[in-house]
Every structure is written in C-alpha cells, then in structure tokens.
Amino acid sequence: MTERFDILVVGAGPAGIAAALTAAAAGKRVGLVDDNPAAGGQIWRSGAAQSTTARNWLGRLAASSVTRLQGWRIVDSPSRGLLLAEGNRTCRNLGYEQLILATGARERFLPFPGWTLPNVMGAGGLDAMVRGGLPIAGKRVVVAGTGPLLLAVAAHLARRGAKIVAICEQAPLRRFIPFLASLMGEPAKAMQGIEYARSTFGSRIYTGCWPVAASGQEKLESVTLRRGERQWEERCDYLACGFHLVPNLELPALMGCHIQGGFVVVNHLQQASVPDVFCAGEPTGIGGMELALLEGEIAGLAAARNTDAANRLARRRRRTLGFVRALSAVTELDPRLKELATDATLVCRCEDVPLGKLREHGSWREAKLHTRCGMGPCQGRICGTASEFLFGWDAGSILSSVRPPLFPVRVSSLGHADTLADKGDGLASAGMLASKETE
Amino acid sequence: MPELPPVHLLINDVAITVDQGTTVASAILIVGIPMRLSVTGEPRGPLCGMGICFECRATIDGAQHQRSCQVLCAEGMEVRTS
C-alpha cells in the first residue's frame with residue numbers, strides 16, 4: 001500500500017518544517033518524514049530549553065494538517081514519485097507529486113589516535129546525549145574542533161553543570177566572534193551565548209588548537225592538546241570534538257540531483273536538477289537556521305506553485321548567501337590536521353580499517369574494494385568524509401558509490417524488494433548488508 | 001511542564017530508572033558499558049548522536065542493530081549490548 005501526498009518533505013528540521021507548513025497552508029496534502037523520534041532536527045532537538053523561534057514553529061507544526069511521520073528513514077527511491085521508508089518494525093511506501101529534500105547536515109569527524117575510545121564524541125554528539133538524558137554535572141569536558149557549534153555546546157553543557165576544561169578551535173577564532181554570532185540563527189541570542197561563553201570560559205578558549213591524541217584504558221581518561229609548539233595533557237571524562245558540518249547528500253545523490261562542490265545545486269526557487277525535486281537548508285550550503293527556514297519557505301511555496309510569493313522570498317535569500325561563503329572560509333581546516341592520524345589509527349570505524357591500509361590506494365573506490373573501508377553499517381558516512389579531507393579524494397566519487405538501500409535494512413524489508421530490484425546491483429548490496437546485519 | 005513519571009527498563013538485565021524522554025543511548029551511557037565491540041574487539045560508544053555513525057547500535061526489545069540514539073526509553077523495555 002502506498003500513502004500518497006501532493007508534497008512530501010524529507011527531514012523535520014527548520015527547513016523541512018518551514019517547507020511543510022508553507023505547502024500545507026497553500027492547501028496541499030503534505031507529508032513530513034523524519035528519522036528522529038521527534039520533529040525539530042538537530043538544532044531544535046527535543047529536551048532542549050527551546051527558543052521562542054523553535055516553540056513557535058513546532059507549535060505551528062503540531063496544529064497543522066501536515067501528516068507527520070517520525071522515526072522513519074528513507075532507504076530507497078524505487079521509482080519516480082515513490083520513496084521506501086523503514087521504521088523500527090515495518091516499511092511503508094510514500095508516494096508524492098513533488099519532493100522537498102531537507103536532509104540537514106552532520107558533523108565532520110577527523111581521525112586522531114584514540115578517537116575511537118568510548119566517551120570521545122562529536123560536539124553535537126555529546127550535546128545530543130545530554131539532551132537525551134545523560135547527566136553531565138560535575139563531568140570534565142574538552143570541547144574541540146571548529147565552527148560556531150563549539151561555543152554553543154560548551155555554553156549548554158556548562159549550564160548543565162559540566163566543568164569545561166578547554167575549548168579548542170582549530171581556526172583563529174577571536175577575529176570571527178562577532179561575525180559568527182550573526183550566523184548562528186538568532187543573532188541577539190547567539191551573541192548572548194558567545195558573551196556568556198567568553199565570560200564563563202575566559203582563558204580556557206584556545207584558538208589554533210586541536211587534540212592530537214585521546215587516551216584511556218576502556219574509555220577516555222585524558223586528551224593531549226597542541227597549540228603551536230606547545231603540547232599538554234588534560235584529564236577529562238568526555239571529549240566533544242567535531243569539525244563543523246557536512247550536508248547529508250546521500251538521498252539527493254540517490255535521486256540524481258546534481259551536486260557540485262559538496263552541495264546540491266538549486267535554482268532561485270530551490271529546485272534541484274531533477275524535475276519535481278526541491279532541496280532546502282544545509283544540503284544546499286551550510287548557512288544556519290534562519291537561512292534554512294527561508295529556503296524551506298521558498299521550496300514550500302514553489303512546490304505548491306505559488307511562484308510569485310516564492311520569487312519574493314528568493315530575493316531575500318540572495319542577500320544572505322555571502323554569509324554562507326564566509327562561514328565556509330572561517331571553518332576551513334588547517335592542513336596540519338591531516339597529520340594527526342598515524343598509520344595505526346582507524347579511519348573506518350565500522351570495519352576497523354587503519355590509515356596505513358588506505359594510504360596504499362589511489363581512490364575511494366579502490367580503497368573500498370581492497371579494504372572494506374566504507375562498507376560497514378554507516379556506509380562511509382564517517383570515513384568517506386574524513387577520507388575526502390585526508391587524501392583529497394573527490395567527494396563526487398564518494399557520492400557516486402551511493403546506492404540503495406541508503407541504510408542497512410532488515411531482511412523483511414526486502415519483501416518490498418520489487419522496489420529494490422530494478423536498481424541492478426542494488427538488490428545484491430541490500431542482500432549483503434541484510435545478511436551481515438543479521439549475523 | 002507537568003512532571004512525568006520515570007521510566008523503568010533493563011539494560012543487560014540490570015534495572016535502571018530514567019526520566020521520560022531519555023534516549024536508549026544515553027541510558028546505556030548512564031550504566032557505563034560499551035555499546036558494542038568493534039570487529040577487532042575494541043569497546044565503542046556513541047559518536048554522532050544523530051543516527052549517522054551506527055556506533056550506538058544495540059538490541060532493543062529483541063530487534064537487533066537498532067541505533068539506540070534514535071530510540072526513546074519506554075516502560076519495561078529490554079536492551080542488550082553486544
């Protein structure tokens with residue numbers, strides 16, 4: 001059985017919520033499908049002390065006619081106008097006339113000795129765990145990596161009682177503080193947060209600084225930090241380390257959307273290169289929440305054929321694109337970060353493939369075939385992104401290896417295999433993953 | 001917000017009580033055990049917290065390989081780490 005929607009939106013973060021509400025307000029039958037237990041995406045994660053903006057949008061969503069499908073991940077696009085979604089127990093077919101992709105972004109992780117130890121997490125990763133109920137009061141935390149997320153996470157964890165031992169930003173941060181503030185969605189609030197962080201953490205904010213090793217027996221006990229020539233060790237319970245954000249491009253790539261420079265190419269109405277497919281938010285350029293909301297509204301209006309209104313908003317969007325480019329420049333990675341991992345450091349955490357094994361190969365494809373790198377459950381989402389930076393392997397070639405299912409699926413989901421079969425090697429890959437997952 | 005009753009669950013047969021809205025991944029961290037052993041036997045915990053990295057997978061109410069960061073604790077739930 002297929003549920004049919006005029007407009008289906010994938011991803012219930014700010015862009016997806018704005019798109020869904022805008023399209024529903026135009027009288028369309030709208031579905032909003034999302035992988036997480038609750039709507040809001042990563043930035044409006046449930047359990048957060050939510051901002052007025054978040055409460056407003058989530059409240060509007062709850063009161064709307066939008067069909068909300070939480071806890072469903074898209075695993076295939078079996079034919080035009082149809083997506084296959086897998087939940088915790090079953091599968092469902094979702095039909096659409098217009099599709100809006102608002103798949104958001106994830107953190108970029110870079111390997112260094114000890115990064116696979118328990119309690120070494122992403123910055124957003126640890127934040128998510130704390131919002132998900134992990135007590136952090138009294139715990140010693142090192143926050144590291146790059147991007148505006150670091151200070152936001154440190155401030156949040158400190159409010160929950162964590163002892164922030166150090167904040168290590170790989171870029172020279174100070175000159176960008178006012179600028180970053182304006183990018184973080186709600187400038188006034190972001191500025192407050194940053195001022196709070198500065199007054200709270202003071203001299204514990206290090207710029208041009210990064211972790212070179214994490215140590216511990218069964219789990220993290222200490223982190224070695226380096227800033228210029230100086231190297232020192234900090235005892236800590238958690239290392240929250242993420243190197244800014246990279247977009248979730250697997251579904252746009254599967255749909256055949258043209259991707260350039262690591263982002264989905266869209267026109268002024270957020271239309272991708274594939275007919276009836278729109279894209280909004282971080283996959284079209286990392287620009288933060290306000291831009292994501294705007295792009296979501298444009299996509300929702302355009303998909304509902306309200307082109308005049310979409311055009312008016314599109315003019316507003318154009319004015320914000322300079323910020324996207326500037327943020328990208330601010331968070332550009334220091335090339336010395338490529339030298340943190342040794343030959344013994346694992347790059348692929350699913351298949352435990354060390355850097356030394358990958359070095360022998362000239363491309364992502366070759367490395368996959370010879371080492372199983374990127375062939376575990378995460379399907380290269382972590383090590384592919386790292387390899388792009390470490391080896392300069394082309395993001396396009398990494399994405400070209402995307403095939404259904406987008407996530408490991410249950411054997412029973414292959415009952416929908418008519419859906420997977422017409423993709424040639426897709427079924428074989430699905431079968432392999434399924435059998436691996438049920439060992 | 002009204003006070004919601006706590007949730008009781010079993011993690012590797014150990015009883016634990018958590019607040020409503022707690023993810024299974026956070027509950028496993030509270031117990032303080034690894035989520036899984038890697039293919040070469042390393043202990044692992046969660047990395048991304050958003051369903052991407054698959055490091056937090058666990059068996060939840062008999063369903064294998066669930067990403068525990070994407071599942072909320074429920075009354076009477078039984079969780080096993082590998």
Distant-in-sequence amide H partners of residue A:4 (H built 1.01 Å from N, under 5 Å): A:95
Average beta-carbon neighbours from other chains, 10 Å sphere, peptide B:38-45: 6
In order through region A:356-366: 3J(HN,Hα) via Karplus (6.51 cos²θ - 1.76 cosθ + 1.60), integer Hz, x for Gly, Pro: x, 6, 6, 3, 5, 10, x, 8, 4, 4, 4
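Pairs to check: A:163/A:338; A:219/A:368; A:139/A:219. Give those whose C-alpha atoms are more than 26 Å from each other in this structure.
A:163/A:338; A:219/A:368
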Between region A:364-409 and region B:25-78, the alpha-carbon center distance in angstrom: 23
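Averaged across A:343-351, how many Cβ atoms of other chains sit within 10 Å of each residue's Cβ atom? Working shown, then result.
On the way: counts 0, 0, 0, 3, 0, 1, 8, 6, 3.
If you average over the peptide's residues, the count of other-chain Cβ atoms is 2.
Taking Cα pairs under 8 Å and at least six residues apart, what relative contact order does chain A come out at, in percent?
Working: 931 pairs, mean separation 77.3, N = 439.
For chain A, the relative contact order is 18 percent.
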Relative contact order computed over region B:7-80 (Cα-Cα under 8 Å; 6+ residues apart), in percent: 39
The protein assembly as shown, dipole about Cα centre (Lys/Arg Cβ +1, Asp/Glu Cβ -1), debye to the nearest 20: 1180
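Take the alpha carbon gyration tensor of the protein assembly as shown, find the square roots of its eigenvalues, order them as a ≥ b ≥ c, and report rounded if a/c is under 1.5; if not, report prolate when a/b exceeds b/c, else oblate.
Rounded shape, in that the Cα axes give a/c under 1.5.
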Among beta bridges that DSSP assigns inside the protein assembly as shown, antiparallel share in %, nearest 5: 50
Relative packing of peptides B:28-35, A:299-306 - highest average C-beta neighbours within 10 Å first: A:299-306, B:28-35
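Which of rounded, prolate or oblate describes region A:271-323 when judged by the alpha-carbon gyration tensor and an a/c cut-off of 1.5? Provide the component values of the computation, followed by the final result.
Details: a/c = 2.00, a/b = 1.30, b/c = 1.54.
In terms of gyration-tensor shape, oblate.
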Karplus 3J(HN,Hα) series, Hz, for region A:154-169 with 6.51 cos²θ - 1.76 cosθ + 1.60 (x for Gly, Pro): 4, 5, 5, 5, 5, 4, 7, x, 6, 9, 7, 6, 7, 10, 10, 9
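Assign one of three labels to region B:7-80, namely rounded, prolate or oblate, based on the Cα gyration tensor with a ≥ b ≥ c the square roots of its eigenvalues; rounded applies when a/c is under 1.5, prolate when it is not and a/b is larger than b/c, and oblate otherwise.
Prolate, since a/c reaches 1.5 and a/b exceeds b/c.
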Isolated Cys in chain A, by beta carbon distance under 4.7 Å: A:91, A:236, A:241, A:257, A:279, A:350, A:378
Shielding by other protein chains, B:54-64, mean Cβ within 10 Å: 3
Straight-distance crosslink candidates among aspartates and glutamates, where the alpha carbon sits under 19 Å from residue A:357 and sequence neighbours closer than 8 are dropped: A:339, A:343, A:366, A:388, A:394, B:42
Beta bridges per DSSP with both ends in region B:7-80, % antiparallel, nearest 5: 80
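Highest mean first, what order results for A:66-73, A:332-339 on Cβ atoms within 10 Å? Can you show the working numbers first?
Working: A:66-73: 19.8, A:332-339: 13.2.
Taking the mean over residues of other Cβ atoms within 10 Å, the ranking is A:66-73, A:332-339.
Throughout, read-outs are computed from the coordinates displayed, never taken from laboratory work. All values derive from a computational prediction rather than experimental measurement. No Cβ is skipped: glycine too gets one built from the backbone with ideal geometry, and neighbour counts run over all protein chains shown.
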